[in-house]
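Participant: This is the structure I have questions about; it appears just below.
The values are calculated or read from the model by the stated rules, or taken from the named source; none is laboratory data. Quantities reported herein were computed from a predicted structural model and do not represent experimental measurements. Please note: Cβ atoms are built from the backbone with ideal geometry, for glycine as well, and neighbour counts cover all protein chains shown.
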Amino acid sequence: DAGVIQSPRHEVTEMGQEVTLRCKPISGHDYLFWYRQTMMRGLELLIYFNNNVPIDDSGMPEDRFSAKMPNASFSTLKIQPSEPRDSAVYFCASSRAHPLAGGQHTQYFGPGTRLTVL
Amino acid sequence: TQLLEQSPQFLSIQEGENLTVYCNSSSVFSSLQWYRQEPGEGPVLLVTVVTGGEVKKLKRLTFQFGDARKDSSLHITAAQPGDTGLYLCAALAYSGAGSYQLTFGKGTKLSVIP
């Protein structure tokens, strides 16, 4: 089975530009998560979806960040305008069960997109 | 947001040595997970512990959940270069408005030298 697919794997852009990151979750998974990882802050949840509906976006840093999930097999994370402090590795993950499922809850992570904003 | 403290932050050891890394919090968790992340890849789940005092073994890796369900440890016996990576612990935390999310520690970066 294909795992979580993310594109692009690397993105270098200049400050002020729009950046769009893409994710295809594992087929049949109802939950999709977007994370950001930096050395300083570690892995942080930005937003998650259940059945294409955003459930918790409290981790989204500010209005420059937006995420959509138009269908069960595709999600985007957009940053507009981008800033140097947005440089990080962005991960998408998917799972079959709700996090409250506890022991049965397994998140599968994609390989990440390394974003560099100059 | 619940805080998970992992220690040590960095660990470099020789092949064949044993090691233990820790994940601590002042909060009680219903369950705790350990992930390993290799360079250029996403984290991969190793184990989930649910019951206080629970011990799980995965080959040379032994995971323990504290009796009070506030802390956990990961012990590796006879470390090998293939064990090199970032070890992350994660726990469910209530983020408000009926929503739960997985909160991660910052990780222990392990290097096993051949």
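Participant: Just to be sure, is A:C23 within 12 Å of chain B (Cβ to nearest Cβ) and within 23 Å of B:A93 (Cα to Cα)?
Facilitator: On the way: within 12 Å of chain B (Cβ to nearest Cβ): yes; within 23 Å of B:A93 (Cα to Cα): no.
In short, no.
Participant: I've got another one for you. Anything in segment B:61-78 that is within 20 Å of B:T103 (Cα to Cα) and hydrophobic (A, V, I, L, M, F, W, C)? List them, or say none. Can you show your working first?
Facilitator: Filtering segment B:61-78 for residues within 20 Å of B:T103 (Cα to Cα) gives B:63-66, B:68-74.
Of everything in segment B:61-78, those that are within 20 Å of B:T103 (Cα to Cα) and hydrophobic (A, V, I, L, M, F, W, C) turn out to be B:F63, B:F65, B:A68, B:L74.
Participant: Could you grab me the full set of residues in segment A:28-60 that are away from every other protein chain (no Cβ under 14 Å) and exposed (fewer than 14 other Cβ atoms within 10 Å of the Cβ)?
Facilitator: Passing the criteria: A:G28, A:N51.
Participant: Which residues, counting only those in segment B:35-59, are among the hydrophobic types (A, V, I, L, M, F, W, C), within 12 Å of another protein chain (Cβ to nearest Cβ) and touching a residue at least 12 places away in the same chain (Cβ under 8 Å)? Steps first, answer last, please.
Facilitator: Within segment B:35-59, the subset among the hydrophobic types (A, V, I, L, M, F, W, C) is B:44-47, B:49-50, B:55, B:58.
From what is left, the residues that are within 12 Å of another protein chain (Cβ to nearest Cβ) are B:44-47, B:49-50.
B:L45, B:L46, B:V47, B:V49, B:V50 - these are the residues of segment B:35-59 that are among the hydrophobic types (A, V, I, L, M, F, W, C), within 12 Å of another protein chain (Cβ to nearest Cβ) and touching a residue at least 12 places away in the same chain (Cβ under 8 Å).
Participant: Another one. What's the total number of residues in segment B:8-24 that are small (G, A, S) and either within 14 Å of chain A (Cβ to nearest Cβ) or closer than 12 Å to B:L110 by Cβ (or both)? Steps first, please.
Facilitator: Within segment B:8-24, the subset small (G, A, S) is B:12, B:16.
Remaining after also requiring either within 14 Å of chain A (Cβ to nearest Cβ) or closer than 12 Å to B:L110 by Cβ (or both): B:12.
Residues that pass the stated criteria total 1.
Participant: Another one. Could you please find all residues in segment B:10-46 being surrounded by fewer than 19 Cβ atoms within 10 Å (Cβ to Cβ) and within 12 Å of the chain's Cα centre (by Cα)?
Facilitator: B:T20, B:Y22, B:N24, B:V44, B:L45, B:L46
Participant: Related question: Select from segment A:34-60 the residues that are farther than 19 Å from A:G110 by Cβ and of a type in the set (G, A, S) and list them in ascending order.
Facilitator: A:S58
Participant: Within segment A:79-100, is there a residue that is at pLDDT below 95, in a loop (DSSP other than H, G, I, E, B) and within 11 Å of another protein chain (Cβ to nearest Cβ)?
Facilitator: The answer is yes; a qualifying residue exists.
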